[in-house]
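Just below is one structure, and these are the notes that go with it.
The values are calculated or read from the model by the stated rules, or taken from the named source; none is laboratory data. All figures in this text were calculated on a predicted structure; none of them were measured in a lab. Cβ atoms come from the backbone with ideal geometry, glycine included; neighbour counts cover every protein chain shown. Please note that ligands, DNA and RNA were not included when accessible areas were found on the heavy atoms of the full protein model with its side chains. Shrake-Rupley method; radii C 1.70, N 1.55, O 1.52, S 1.80 Å.
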Amino acid sequence: MNPLNDPLRSHLPNATWFATAPGRVNLLGEHVDYNDGPVLPAAIDRAVRIAAAPRKDRLAHITALDLNETAAFDLEHLPEKVDVNGKPLPGWALYPAGIAWALQSRGLPVSGLDAVFTSDVPMSAGLSSSAAVELAFSVIWQALGGWQESPMSLAHISQQAENAYVGVKCGLMDQFASAHGVEGCALYLDTRSLLWHAIPLPPHTAIVIADSGIRRNLTASAYNERRSACETAVSLLQTQIPGIRALRDITPSQFAAHAGILPSPVRERARHVVEECSRVDRAVALLQAGDARGFGQLMFEGHASLRDLYQVSIPELDALVEIAREVPGCWGARLTGAGFGGCTVNLVEDQAAETFMNTLKTHYEKTAGRQAQIYLCHASRGAHLETYL
Ligand code: GLA
């Protein structure tokens, strides 16, 4: 962007630091990051952009440009979650305040700042708009403070903010992906060992995201319910399979042998997780071999499992997947993120992408009676300071 046209700069002319932090799409490995399992997300070219200038006092004065709202809070009173007038912080401001709180809890210096940010990651759509805000503020406070943490540590700080300050018990995947994105690559992360590596997407493929337009508020409670079903499954299975610590420790054949002791729906939830972990492991070899068709098949299987076993899909997401399946050049499609609304991710032959997008849009409108937003996405770089200004 031409710096002279940058809205961040016109809103904060004395800004000294600029940063970008992307959203993410998850290609495979859904609802396994809180079961110590492997995930395969990619950072996308939709991101939060932020500009900041240091302040001499202990205030954070932050403008969310897209909402046209400003919040000011005192860095000495973060646990209270209130603004300078003692009013509860608006929901969006809990993310920067949570980052400041998590940084302070680790003894990292957090300076007062003026900041302004904008985002083109759709909100509550399963594309990790909140992780992008968290990473953007982590990177900015790191620059202002002159300290240096690894991207993995910034991801953990951001997860801590979300878990303990905002109050959503998410896993590490979203913050990890926003922090570590690599252009043109999916990111394989083992959420137990934290070992990760980037894997190039198969040649001549495009990632298409289709936003169903549905937003559900029950996501947090249903998400936490799924988490506790997984915990119940582990404690019951531990009586049969000694030494397991999480569902990721169980193979599909071990599961089949012992699943009988689990009540429904705990059994179905656990089966999804066990099989999804195995799908990710098989997917890595397919990706490495550039086998888009084989990988896409696993995406379709993953969706069916999220729909039937984990029960986090909705008819609109199912419709998007079923339409996609019939369009030539589509290798795979599934819901992405927590579910209950939001988006599907589609792996498509690049030459066919434009027709695919048009067909999906038209047929979805006919079937679901509503508009889908369809984006062509590129796997992108993770959170970083902008140096062009
Ligand atoms: C949300 C959470 C992630 C992950 C996904 C489901 O995006 O933030 O940690 O659990 O749901 O895979």
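Placing +1 at every Lys and Arg Cβ and -1 at every Asp and Glu Cβ, with all other atoms neutral, what dipole size does the chain have around its Cα centre, in debye to the nearest 20?
With Lys and Arg at +1 and Asp and Glu at -1, about 420 debye.
Seen from all sides and averaged, what is the projected area of the convex hull of the Cα atoms in segment 106-168, in nm²?
Answer in nm², one decimal: 4.8.
Would you work out which of Gly369, Ala206, Leu335 lies farthest towards the positive end of the dipole of the chain, given +1 charges on the beta-carbon of Lys and Arg and -1 on that of Asp and Glu, about the Cα centre?
With unit charges placed on the Cβ atoms, the residue in question is Leu335.
Taking the convex hull of the Cα atoms, report for segment 223-284 its projected area averaged over all directions, in nm².
So the Cα hull casts an average projection of 4.2 nm².
Relative to the longest principal axis of the chain, what angle (0 to 90°, nearest 10) does the C-alpha long axis of helix 94-105 take?
With rounding to tens, the tilt is 80 degrees.
Over the chain, give the accessible area per residue in Å² for a 1.4 Å probe, as an integer.
Per residue, the chain has 40 Å² of solvent-accessible surface.
Say R0 is 41 Å: what FRET efficiency, to the nearest 0.05, do Ser264 and Thr362 get from their beta-carbon distance?
0.55
Kindly write out, for segment 170-187 in residue order, the coupling ³J(HN,Hα) from the Karplus curve 6.51 cos²θ - 1.76 cosθ + 1.60 (θ = phi - 60°), rounded to whole Hz, with x marking Gly and Pro.
Couplings: 6, x, 9, 3, 5, 5, 4, 5, 5, 7, 10, x, 10, 3, x, 10, 8, 10 Hz.
Using a Förster distance of 22 angstrom, determine the FRET efficiency expected from the C-beta separation of Glu231 and Arg106, and round it to 0.05.
With R0 = 22 Å, the Cβ-Cβ based efficiency is 0.25.
With all protein chains present, calculate the accessible area of Trp331 using a 1.4 Å probe and round the result to the nearest 10 Å².
About 50 Å², rounded to the nearest 10.
Counting only other residues whose beta carbon sits under 9 Å from that of Asp174, what net charge do I get with K and R as +1, D and E as -1?
-2
What relative contact order, as a whole-number percentage, does segment 260-389 give when Cα pairs under 8 Å and 6 or more residues apart are counted?
Over segment 260-389, the number comes to 17 percent.
For the chain, what does the relative contact order come out to in percent, with C-alpha contacts under 8 Å and a separation of six or more?
23 percent
What Kirkwood radius, in Å to one decimal, follows from the Cα pairs of the chain?
21.5 Å
With a cut-off of 8 Å between alpha carbons and a minimum separation of six or more residues, what is the relative contact order of segment 1-54 in percent?
44 percent
Give me the percent of the accessible area of the chain that comes from carbon and sulfur atoms, probe 1.4 Å, all protein chains in place.
51 percent
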